[in-house]
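Single-structure report; data block below.
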2 protein chains.
Amino acid sequence: MKDRPGNKDLHLCSQCLFYKQSSLFLSEKDLHNLEKNIHQLKFRHGETIFKQGDKSRHIALLNSGIVKFNFEDKDRNLILSIVSAPKILGGANMFYRQRNLFSISAIGDCDICMIDMQEFGEILKQNAKYMLMLFERAMEMFETSILNYISLANKNVNGRIADILLYLSEHVYKSESFHLLLTRKEIAEFAGCSKENVIHTFSHLNEDKVIRTEGKNLSILDKSKLQMISRLG
Amino acid sequence: MKDRPGNKDLHLCSQCLFYKQSSLFLSEKDLHNLEKNIHQLKFRHGETIFKQGDKSRHIALLNSGIVKFNFEDKDRNLILSIVSAPKILGGANMFYRQRNLFSISAIGDCDICMIDMQEFGEILKQNAKYMLMLFERAMEMFETSILNYISLANKNVNGRIADILLYLSEHVYKSESFHLLLTRKEIAEFAGCSKENVIHTFSHLNEDKVIRTEGKNLSILDKSKLQMISRLG
DNA sequence: CGCGAGCTTGACGTTGTTCAACTAGAGTGG
DNA sequence: CCACTCTAGTTGAACAACGTCAAGCTCGCG
């Protein structure tokens, strides 16, 4: 964790969504304790936020940016999920076990608030409703993983890639046209197929005018057709 | 939910593992309230305990038996996980959303205690440490789902089936030799492949004396070889 | 006995992976 | 400023893995 750039000063989380939500549940005193245990960090593209197998000592609030959850195998890599701000990261590990089940790393630049778990755990134990709220957030990521799992099991490559493009458009970039920060290989790791397969599928989708790719830029031209491919896959 | 056989009388959970654990966290009064909201049920092979898409009104304690978590698609079916008693079922849905993300059904006969969520939710909110314990349990099932997902993405059919046999042996039946209550089709739904593929793989494993199948009975003869197949897959 | 469900086997076609060759752009050093 | 190298992307072809289909089998049950 040495090369983490960041400003470790205490900061006022006045615009921070998480802080606002927390203030609904916590007392003045707990809120102050919480603030003492938060520090802000910036991560650049590719940097690891949580490392698979590492001890989970923090919970991370993704305030801006996009991250990927990836499971690292001997030789292969699998992207479980990709999410954009605002999200609570690391909660799944926190509520479960001491060691991270997977890594989380930045795609593009990310602003993150790190909360030390020691003190935070104490606050949590005193505030059951607050814990419930956090837990629900932590579970959201599992839902997307399970939906990905189902997509992988039941669909062919075309269907899965269509799924991924729709997911990225609707839930990550929130636009029909976006600048992909993922390599073809990473998309393949998300779809659970080879990178050549992603490229072939992109080529066909380009020919059929369903999408348009220009280098890293990707536009969805015919969303309904893409949805049909997703369904038929 | 009409044809649920069961005895709805209040019962004394004196041997019930869950009750014992709960007594470590809860006050006499809460424990009494909890007991009032529990009723015992018996489920037979194939019966549905929780139905995908249904409202989650209960949390279920699996006291004896084996259950499968399965996601139902238009035409296909996918088994996310198979677990044996003692386990807490439905917590994942409970702590997440109002509607069940997947179905849970009995494999063989199951003894289950159903807890009504209305009153139970109130007890939870007053007992943060207790809630944390329940969370941890609820998360266990997600870990197995994610590990299955990874197995599906990174391994070939042989490796996945080897994984499943090892999993069933170690975590479900707790024996090298067991009476399979799953059909070949269900194993295929767990492995995310066709039933013929399961049969072919079983045949080869039989030829190579890695396992022995006699109808529904299955014995693992050479565990280390099976582990090797799992690794190479 | 006859029927149906689950199981088994082998053949065949499709899908997807792997491999190899090529292109384009970015960074490096003489 | 050009050659070199490295990485990402692209394409097509060969091969292996897997799903689908068809046919026959076994067993339990009405």
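Only the coordinates and a few stated rules stand behind these numbers; no lab work does. In this text the structure is predicted, and so the values were computed from the model without any measurement. Here the Cβ is made from the backbone with ideal geometry for all residues, glycine too, and neighbour counts use every protein chain on show.
Remark: region A:26-178 is approximated by an ellipsoid whose semi-axes, taken from the C-alpha gyration tensor as √(5λ), come to 29, 16, 16 Å, largest first. Shape analysis of region A:155-232 based on the Cα gyration tensor places the equivalent ellipsoid semi-axes at 15, 15, 12 Å, largest first.
Counts of other chain beta carbons within 10 angstrom of each beta carbon in peptide A:143-152 average 5.
Mean shadow of the protein assembly as shown, computed from the convex hull of its alpha carbons, in nm²?
Values: hull surface 96.8 nm².
Its Cα hull, projected and averaged over all orientations, spans 24.2 nm².
For a 24 Å ceiling on Cα separation, which of these pairs sit above it: B:20/B:216; A:225/B:51; B:174/B:225; A:155/B:223? Checking Cα-Cα distances, B:20/B:216; A:225/B:51; A:155/B:223 exceed 24 Å. Translational diffusion of region A:99-233 was estimated from the Stokes-Einstein equation, with Rh taken as the Kirkwood radius over Cα pairs; at 37 °C and 0.692 mPa s the coefficient is 192 µm²/s. Summing Lys and Arg as +1 and Asp and Glu as -1 over all other residues whose Cβ lies under 12 Å from the Cβ of residue A:196 gives a net charge of +3.
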